[in-house]
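Working notes for the structure below.
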Amino acid sequence: MNVMFAVSSGRYTRPNFILLLLIIIQLGLHRVEGVWPLPQAFTSSTERYSLNPQAFYFGYGKQSAAQQGCSVLDAAFKRYFSLIFPDYSSANSVLRFSVDKPFLVEVSVDQDDCESYPQEDSSEKYNLSVCEGKASLKAETVWGAVRGLETFSQMVYQDDFGSYFVNKTEIEDFPRFQFRGILLDTSRHYLPVQAILKTLDAMAYSKFNVFHWHIVDDPSFPYQSSTFPDLSSKGAFHPMTHIYTQSDVRRVISYARLRGIRVLPEFDSPGHTKSWGKGQSDLLTPCYRGSTPSGTFGPVNPVLPSTYQFMEKLFKEVSSVFPDSYIHLGGDEVNFSCWKSNPDVRAFMQKMGFGADFTKLEAFYIENIVNITSALNKTSIVWQDVFDYHEKRSSLSVVEVWREGCYLCEVRRVAKAGIRVILASPWYLDHPGPTHNWARYYTVWPLAFK
């Protein structure tokens, strides 16, 4: 509300003085509505309660399936105490608090999934009720409770004197979409583990729940495989400083788990694999110039039995390292020119009856990789390129739409085929546009089709 008031002879006129007094009174009444993302149902009051970090506690409800010793919630209690009272440890001797009444955040969950990992179908629903002296947080799972604790932390604020407050509030919340992901490419730009952990923190603050780890690509292979150590020792930017050891990967997965975040690994093939060939001979297709090899290599060679033996061993390891039930197999942007130049590949094409249609050869390759991961009890995700040319669409489980253009047309086609869709196209953060108009990321309507 814009308010104007007049000044006459250096003094307020009486009506405007009263109006100014009302403004001052209103400024003292805080209504906190800055919870992000906005909950499904949110009722906040101007009635507020003082919080004293010396008399503030987290606890478990008597009927809660999870109790003290729950790794996810015990860690969350410590983490959120520091987030709610960020200056308490350093300034507690200076700050003065207006009340010493205790305040309890009581958490109750229906399922004891404290030692498990978040899954595709894990409920993140929670109810949060804040009244004098107590906040009651109820959720079906610990993952929903973690989302509720994030919401509570966003509701706490300080006045000009450093005192903490929270308003009387009722919230019912659940995510609209079950998959809310951030993709990091650690091949083109190696990211230290600490930077990945900071990203996971940022994801937790916005209630994102999938870390899509595009861990390898053409430029480098930083994942240190125990089965094929040459992949990183020869394919990484540096074999010691620019790799992710098995310990690093476990650390990232553990850190993500405590924040209710799934770690989805992507090992993209048959394209985007130049770095793979440095540590694994005979994996990539030799390119030809006329009838002689040119000395360069193209995508993974789809005609050799050794290719699939290698992939089976690699994905067996990857499946044991990454606990999530999903794995991203890529399948995008395959350049067929090298395959076309190779006489062995062309002979295989004729033998299989593919003619000159190299999309059928890629479909053959992807089908084999999907079967390998399915045998390892992993559900595969592929980029939209695979859907566009794949005749056996019934074998596909999840398709990720990434190309520009009419991406909702593609989403509709995939959904119409009865396949689940991940939409990435409108949210490439390295393509902010000529005007860097970040607002356009918030105007996307993913279900704007019949």
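The values are calculated or read from the model by the stated rules, or taken from the named source; none is laboratory data. On a predicted model such as this, the values are computed, not experimentally measured, just so you know. Cβ sites come from the backbone with ideal geometry, for glycine too, and all protein chains shown count toward neighbours. Side chains included, ligands, DNA and RNA excluded: accessible areas come from the protein's heavy atoms. Shrake-Rupley method; radii C 1.70, N 1.55, O 1.52, S 1.80 Å.
Annotations for the structure displayed:
- Share antiparallel - DSSP beta bridges, the range 108-254, percent rounded to 5: 60 percent
- Residue order for E124, E140, E132 - accessible surface, 1.4 angstrom probe, largest first: E132, E140, E124
- Overall, the chain carries a charge dipole of about 560 debye about its Cα centre when +1 sits on the Cβ of Lys and Arg and -1 on the Cβ of Asp and Glu, all other atoms neutral.
- Among residues other than S275 with Cβ under 9 Å from its Cβ, the summed charge is +1 (Lys and Arg +1, Asp and Glu -1).
- Size check on the range 373-416: the Cα extents along the three principal axes, sorted descending, read 35, 18, 16 Å.
- Given +1 at the Cβ of Lys and Arg, -1 at the Cβ of Asp and Glu and no other charges, the dipole of the range 197-345 around its Cα centre is 380 debye to the nearest 20.
- The heavy atoms of E106 offer some 50 square angstrom of accessible surface to a 1.4 angstrom probe.
- Computed on the Cα atoms alone, the convex hull of the chain gives a volume of 207 cubic angstrom per residue.
- R0 of 51 Å, Cβ-Cβ distance A417-A347: FRET efficiency to nearest 0.05: 0.95
- Part-to-part distance (alpha-carbon centres) for the range 390-450 and the range 242-285, which is given in Å: 24 Å
- Cross-link partners of K168 among lysines, defined as those whose alpha carbon lies under 21 angstrom from its own and excluding same-chain residues fewer than eight positions apart: K101, K125, K134, K138.
- Loop-located GluC sites (Glu not before Pro) across the range 303-405 with a Cβ neighbour count of 14 or fewer within 10 Å are E333, E391, E404, with loop assigned by DSSP.
- Residue among S225, S425, S294 with the largest mean-square fluctuation in a Gaussian network model of the chain, springs linking Cα atoms under 10 Å: S294
- Across the options W445, L51, A145, the greatest Cα extent toward the positive end of the charge dipole of the chain (unit charges at beta carbon of Lys, Arg, Asp, Glu) belongs to W445.
- Taking 0.36 nm per residue of sequence separation and removing the Cα-Cα distance, the S129/E47 pair yields an extension gain of 28.2 nm.
- Only Lys, Arg, Asp and Glu carry charge here, each on its Cβ (+1 for the first two, -1 for the last two); on that basis the range 364-408 has a dipole of about 180 debye about its Cα centre.
- Spacing of the modelled spin labels on A202 and F177, each 7 Å from Cα toward Cβ, amounts to 1.8 nm.
- Carbon + sulfur, % of accessible area of the range 308-450 - ligands and nucleic acids excluded, 1.4 Å: 53 percent
- Accessible surface ranking for K278, K450, K134, 1.4 angstrom probe, highest first: K450, K278, K134.
- Note on the chain: with a GNM built from Cα contacts shorter than 10 Å, the maximum mean-square fluctuation among G271, G235, G353 falls on G353.
- With Cα atoms, 0 to 90° folded angle of helix 246-257 axis to the chain main axis: 40 degrees
- Stokes-Einstein D for the range 74-194, Kirkwood Rh over Cα pairs, 10 °C, 1.306 mPa s (µm²/s): 95 µm²/s
- The distance linking the range 363-382 with the range 102-149 is 36 Å (Cα centroid to Cα centroid, whole angstrom).
- For the chain, the solvent-accessible area works out to 51 Å² per residue, with a probe of 1.4 Å and every protein chain left in place.
- Here's the list of lysines a cross-link from K351 could span, going by alpha-carbon distance under 25 Å and ignoring same-chain residues fewer than 8 apart: K340, K360, K392.
- Each helix, a run of at least 4 DSSP H residues, gives -39500 (n - 2.57); summed and divided by the residues of the chain, these come to -10000 deg cm²/dmol at 222 nm.
- Angle in degrees between helix 71-84 and the longest Cα principal axis of the chain, rounded to the nearest 10: 50 degrees
- For the chain, relative contact order (Cα pairs under 8 Å, six or more residues apart, normalised by length) works out to 10 percent.
- Annotation note: trypsin sites (Lys or Arg not before Pro) in the range 349-403 located in DSSP loop regions with a Cβ neighbour count of at most 12 within 10 Å are K392.
- By accessible area with a 1.4 Å probe, ligands and nucleic acids excluded, highest first: order of R79, R289, R262: R289, R79, R262
- Counting Lys and Arg as +1 and Asp and Glu as -1 over every other residue whose Cβ lies under 10 Å from the Cβ of Y49, the net charge comes to +2.
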